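What follows is one structure encoded as structure tokens, with my remarks underneath.
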Ligand SMILES: Nc1ncnc2c1ncn2[C@@H]1O[C@H](COP(=O)(O)OP(=O)(O)OP(=O)(O)O)[C@@H](O)[C@H]1O
Ligand SMILES: Nc1ncnc2c1ncn2[C@@H]1O[C@H](COP(=O)(O)OP(=O)(O)OP(=O)(O)O)[C@@H](O)[C@H]1O
Ligand SMILES: [Mg+2]
Ligand SMILES: [Mg+2]
């Protein structure tokens, strides 16, 4: 518990963690720079300084932000749909064996059907602009589903019995017992799925090349052998992913704290 | 606990679950057949009967099994390496903050760097035959790492204190406390990562086109618009994935049971 | 280099005769097969062509065009030559080819100056993309006709993307060359001016034609849905007429055409300007088309029947021949 | 085979009936109850004693519907609303004491919540519990136990099952808790499993049951 | 600020020393110990009593090195090897009773294992515990408690900390357990926190400590 007097040190601590994180990132950048110099083949590996310069340049263009926004929007919709659907399906599956059994082959297929086969079927229904949305959904859904289902099945049966006896059911039970017990699983699921969806979504954009998307720029950079651009966009992709993950983690942490501190 | 007298019913129960599973698979096959008939575009969607016929035909060829074997071998090596490395790194990261912080950007990058960018770097070091191995590893590593790390951090601190007091350390602590507490997380990680690795590995084969691999056949089926072949290979991919997952689950369940039942 | 046949004037008169405008939906793949269409597209966008209701869509992946044809979402599509034959076979005659729109666009490139003839490729590794399609069969055909055996005399390493071939070329340790298509050759040269075009595969193909073999290397064709062609022959002919005009324009006004190619986001204008003359954009129809294409497809089918969808297409495949 | 888990509102005594008839229960090879019968008179305190491992917890779990008898019948009246203090605390570790005590009430609208919070605080003070915003995982063993007891007695229930509720508390604390709990449970059916005979003194006219050798009997 | 957690082999009595000097400890706003000093004579039984929430568990946790004092010093001799029965059972739920009891010994080679298993079985029988292959999650409350006690007393330790070890057991069981445990703990340093004065009788010449109002004192 934080006492008033501890505030100062807490802030210090936070500063120090941030410093540590930056130091780690810096460490890898240095490794990269040396790697690039050692290999010395600019068409394949560009050093971080050049990449950052290019990225800074890109960041001043409206197209950069528009592309990030469009990609983020579409993939985000797919991802959120997957989180909601995955959680809901896991909840259903945990209650009804028939749902679980019916979903098992579907989830198995989602996990294993290669994009190469899947794209054909998806493009039959949706335009290639929305391919990334569907792919992000398909990628995240089994991750969220499996994690949440395992979390539910690992929920302390003793607490559930307690709820049975006191007649705590439905939403109250979710709120008071499952929320806390499933949360660690949910948290891993969301952070993992976020990264996977984002990456797969971009890959889908590289296939479908809808206008004003990160995937299109990545493709262009690649076919035009513009390695600095390729790396700059890649760095942007990683940065967005890391930022999103940090955001999601922080928001979930805050919500949890709030929820726990209720009188 | 199983009593001698319950053996019979247990076997019955198992038969029934298998029947239920088959029924579910059959249900989806029927949905698929009707879907295929409704769409009626053989070039895009082929019904399960035709696909199964084609699959049966393929299964009599040596090349089919050779391809499955080669793909499985390479992707399997990458996957196993990821499981081992992910677990080891998570164990290290749980003990040393510096490791955790150093790995954070690497894992973030692994989760987010799109294959389109990654392939360039990978092909710099390894031949395209081993691309699938590397991609499978890169796909599985963050999943295993994140899940195991969360599992370790969620391990009951009360049991850990108990170990501290009794001086249970090192391997004994892993064996007696972590094994049981991290296992659910590990199980989700392995099943998820298995599917993801497998799929990403095949996708990498479609990119690298090494001889005698599933990816090569998938590519061929696709450029020749050989939809029955495409579906047959896809079904084979899903079947291998589902079988592997079931195997892993069963083996882990058995090991756990054995371990728990020690006197 | 436009081999337009004599039916052009007839085609132009017909649409005026039955003035019922038809919706003609066209799909093209990003790349040379779409380049010949740019003038046509810009005229439509400018409202200068009102005889039919034309719409165009440029797609990046062949994956997108196949379902569109199956769904009857497009009427005319510009696709790779062997895909056209495959589509014909897989849809049981559901498509017909109306024109050849691109001849060979493949070139052997190297870093250095060691390759002057096909024979010089002996002992080298060729990085190539486009396995299972024109590049594979074209390369194989030329090599074999020159007495080189793939796997023994030369090694081919297949990549899924052109860019990877260039990267492989840049990092290769032994003696290596890359087979690249236009306009990618131009792109690659813009990035690395040491890349030299050593051989033009289209020429090499023509060089090994002996006797009655009269095939030529063909990259892209335009196909029409058979049902559409049966219902609206006039619209197809009108389309072909505009198409031929467009191709003539592109070949004669390279600078303007390059600008249009850039505007339609096919490749940047500066790349297009250099690449257009190398892309062998044509509009060959009728008997001429049948002769050249059937010869080419026969060569392909000879190497791998799967490449043309199982068998050489029948005569009904060739529209207007 | 297999007994009836719970048959509602049988003839054994109106709506608040709580009874066993010829119940058999075993866990695998462990035989716990063999033909146990008992009729717990409603609105009275029942104290249940017996050696460790005899089946007290099993008995309470059967009555609560958490276990099914292998044979025989467990009867529970239709109007029975249960509250229970389990042998372990079974608290939601991350929630505060007040949130835990409020748990059986589910969601309460703001104004009801205020009222109930005041009630809770009074109860906690009466039992010597600290009233603050700490999650229960930070409370001492005896404090946690009291939270579990308060959750049970403040629940909207007419039948309360206690499984060794007072273990781990010193005499003074026990006295304070029972001074508060006593009046609250006086009008309800109470089943009170314990190992300490002195606890009998807290009840007026209790029925004493013994669980031993698979049977349940009054003494 | 911040006290010394454990300083080994100080002057307070050779190698098995166990002592506090002016220890202060608080959890956030909760003040538990304020200047507590105590010297627990080695190889003797010490019984610790005090109201619920007074700080008995905190005291034991400080001595075990699980908490750091905010000020003052906690001293533990260099040769102290600890065993502890926590206030909660802290068993590995999925393991059998024997595996739990064996836990402090880590990996044992086959032949040692056989010997130890035999010893365990004898101990379990003496305490009235069932000897079978059930995981401990299937044991009754009192049975689990006895497993925790046996894990502590059969550990290779010379200093045993017990936090309310006998709670939740009936008198007969308690007698059986103490008949077995008594001789085993006679030659070791024992700290025994409890709420029940009667437990004093199990020890020969015990020191009685009271934890109250932030201080630890002998009476
Ligand atoms: N981790 C913690 N965080 C905050 N407060 C705590 C924590 N642990 C204990 N406390 C508080 O410190 C005080 C002493 O707790 P302790 O567990 O030592 O009491 P105890 O004497 O063992 O009581 P009991 O007999 O109930 O077990 C209590 O008021 C308790 O609420
Ligand atoms: N889930 C279970 N699986 C197997 N055996 C069980 C299970 N639960 C209880 N038992 C056994 O049933 C018997 C009765 O257990 P129960 O918990 O009812 O005893 P109890 O009277 O409450 O004992 P205590 O006073 O120790 O709590 C014990 O021998 C116990 O080991
Ligand atoms: Mg019990
Ligand atoms: Mg305590």
- Query: From the residues in the range D:195-207 that are over 20 Å from residue D:158 (Cα atoms) and in contact (Cβ under 8 Å) with a residue 12 or more places away in the chain, which one is nearest to ligand 3 (Cβ to nearest atom)?
  - Reply: D:195
- Message: Regarding the range C:131-149, can at least one residue be identified that is over 26 Å from residue C:220 (Cα atoms), out of contact with any helix residue (DSSP H, G or I) (no Cβ under 6 Å at 6 or more places or on another chain) and at pLDDT below 80?
- Response: no
- Counting only residues that are within 15 Å of residue E:102 (Cβ to Cβ) and in contact with a strand residue (DSSP E or B) (Cβ under 9 Å, 6 or more places away or on another chain), how many does the range B:152-182 have? 3
- Residue, nearest to the chain's Cα centre (by Cα), within the range E:140-156, restricted to residues that are in a loop (DSSP other than H, G, I, E, B) and at the interface with another protein chain (Cβ under 8 Å from one of its Cβ atoms): E:155
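Results for (1) in contact with a strand residue (DSSP E or B) (Cβ under 6 Å, 6 or more places away or on another chain); (2) under 28 Å from residue C:195 (Cβ atoms); (3) assigned to a strand (DSSP E or B), shown as yes or no for each residue.
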{"residue": "C:55", "(1), (2), (3)": "yes, no, yes"}
{"residue": "C:114", "(1), (2), (3)": "no, yes, no"}
{"residue": "C:126", "(1), (2), (3)": "yes, yes, yes"}
{"residue": "C:141", "(1), (2), (3)": "no, yes, no"}
{"residue": "C:152", "(1), (2), (3)": "no, yes, no"}
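Residue-by-condition table, conditions (1) surrounded by 11 or more Cβ atoms within 10 Å (Cβ to Cβ); (2) at positive phi; (3) modelled with pLDDT of 95 or more; (4) part of a helix (DSSP H, G or I):
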residue	(1), (2), (3), (4)
A:28	yes, no, no, yes
A:41	yes, no, no, no
A:45	yes, no, no, no
A:58	yes, no, no, yes
A:67	yes, no, no, yes
A:81	yes, no, yes, yes
- Message: Filter the range A:152-162 down to the residues that are more than 8 Å from chain D (Cβ to nearest Cβ) and without any contact (Cβ under 8 Å) to a residue 60 or more places away in the chain and list them by number.
- Response: A:153, A:154, A:155, A:156, A:157, A:160
- Message: Among the residues of the range E:180-187, are any surrounded by fewer than 20 Cβ atoms within 10 Å (Cβ to Cβ), over 19 Å from residue B:162 (Cβ atoms) and within 16 Å of ligand 1 (Cβ to nearest atom)?
- Response: no
- Report whether or not residue A:143 is within 12 Å of chain B (Cβ to nearest Cβ) and closer than 30 Å to residue B:214 by Cα. yes
- Look through the range A:107-124, keep the residues that are more than 7 Å from chain B (Cβ to nearest Cβ) and closer than 16 Å to residue B:203 by Cα, and return whichever of them is surrounded by the fewest Cβ atoms within 10 Å (Cβ to Cβ). A:118
- Out of all the residues in the range C:176-218, which are in a strand (DSSP E or B), modelled with pLDDT under 85 and closer than 16 Å to residue C:129 by Cα? C:176
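Name the single residue that is nearest to ligand 3 (Cβ to nearest atom) among those in the range D:149-174 being under 16 Å from residue D:194 (Cα atoms) and out of contact with any helix residue (DSSP H, G or I) (no Cβ under 8 Å at 6 or more places or on another chain).
Here the answer is D:174.
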- Considering only residues of the range B:243-257 that are without any contact (Cβ under 8 Å) to a residue 24 or more places away in the chain and farther than 18 Å from residue B:181 by Cβ, which is surrounded by the most Cβ atoms within 10 Å (Cβ to Cβ)? B:246
- Item | Considering residues of the range E:157-177 that are farther than 13 Å from residue D:195 by Cβ and within 16 Å of ligand 1 (Cβ to nearest atom) only, the residue nearest to the other protein chains (Cβ to nearest Cβ) | E:164
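The values are calculated or read from the model by the stated rules, or taken from the named source; none is laboratory data. The model shown is predicted, which means the values in this text are computed figures rather than measured ones. Don't worry about glycine lacking a Cβ; one is built from the backbone with ideal geometry, like all the others, and counts go over all protein chains shown.
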